[in-house]
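Only one structure is covered here, and it is reproduced in the block below.
The values are calculated or read from the model by the stated rules, or taken from the named source; none is laboratory data. These figures come from a predicted structure and were not determined experimentally. A quick note on method: Cβ atoms are made from the backbone with ideal geometry, for glycine too, and the neighbour counts reach across all protein chains shown. Note: areas computed on protein heavy atoms with side chains; ligands, DNA, RNA excluded. Shrake-Rupley method; radii C 1.70, N 1.55, O 1.52, S 1.80 Å.
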Amino acid sequence: MADFNQILTPGDVDAGIINVVNEISEGSCHKIEWNRKVAAFQLDRVEPKIFAKPTNYGFIPQTLDEDGDELDVLLITREPLATGVFLEARVIGVMKFVDDGEVDDKIVCVPADDRDTGNAYKTLADLPEQLIKQIEFHFNNYKALKKPGSTKVTHWGDIEEAKEVIRESIKRWNEQK
């Protein structure tokens, strides 16, 4: 397997088109993470079925969030994507999130070329309100059985705020090299 942080760039952040590597398929209870030290996907844990992922979940290569991991992405597609698939995605917003007191933001994206929807999703406002509620509920509660109250969605940000989070994460990546 190739090291995604070696072969992919973050993408064209200014244009709002980024590279995304999918870790977890929508509907999965498997917490799969990219292990940067060995350049492979690793099963971190199995979550209870009630906390299956409401979206595909991945990362942007060559980024570091404040929690020390690559910057997370919530990728909205009609069908689940397999672990290890990478794609160009369009940034539509950011979910500002705190996990155990650490900033752990999630960039919200859709495929850059989505002919199924006719590229209908351009901003968070274009997503179904119920989906936003489900995502927020999931992230506010997915650790409730083990660490109640340890996660919190603080707010949803627009495309420009998302791009700023990405730029800061690229800067962090470049500083740690």
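Taking 10 °C and 1.306 mPa s as the conditions, I'd like the Stokes-Einstein D for the range 135-177 in µm²/s, using the Kirkwood hydrodynamic radius from alpha carbon pairs.
For these conditions, the coefficient is 127 µm²/s.
With every protein chain kept in place and ligands, DNA and RNA left out, what is the accessible area per residue of the range 84-125? Probe 1.4 Å, answer in Å².
42 Å²
For the range 1-54, what is the accessible area per residue in Å², given a 1.4 Å probe and the full set of protein chains?
Result: 53 Å² per residue.
Take each of the peptides 25-31, 64-70, average the number of other beta-carbon atoms within 10 Å over its residues, and list them starting from the highest.
64-70, 25-31
Of the accessible area of the chain, with the probe set at 1.4 angstrom, what percent is carbon plus sulfur?
51 percent
Order these peptides, 91-99, 47-55, 110-118, 73-81, by their mean beta-carbon neighbour count within 10 angstrom, highest first.
Result, highest mean Cβ count within 10 Å first: 91-99, 73-81, 47-55, 110-118.
If each DSSP helix of 4+ residues adds -39,500 (n - 2.57) and the sum is divided by the residues in the chain, what number results at 222 nm, nearest 500 deg cm²/dmol?
Mean residue ellipticity, 222 nm, calculated: -6000 deg cm²/dmol.
Please report the orientation-averaged projected area of the range 53-173, defined via the convex hull of its C-alpha atoms, in nm².
Spelled out: convex hull of the Cα atoms, projected over all directions, averaged, 7.4 nm².
Calculate, in nm to one decimal, what Thr154 and Asn119 gain on full extension: separation in residues at 0.36 nm each, minus their alpha carbon distance.
Result for the pair: 9.8 nm of gain on full extension.
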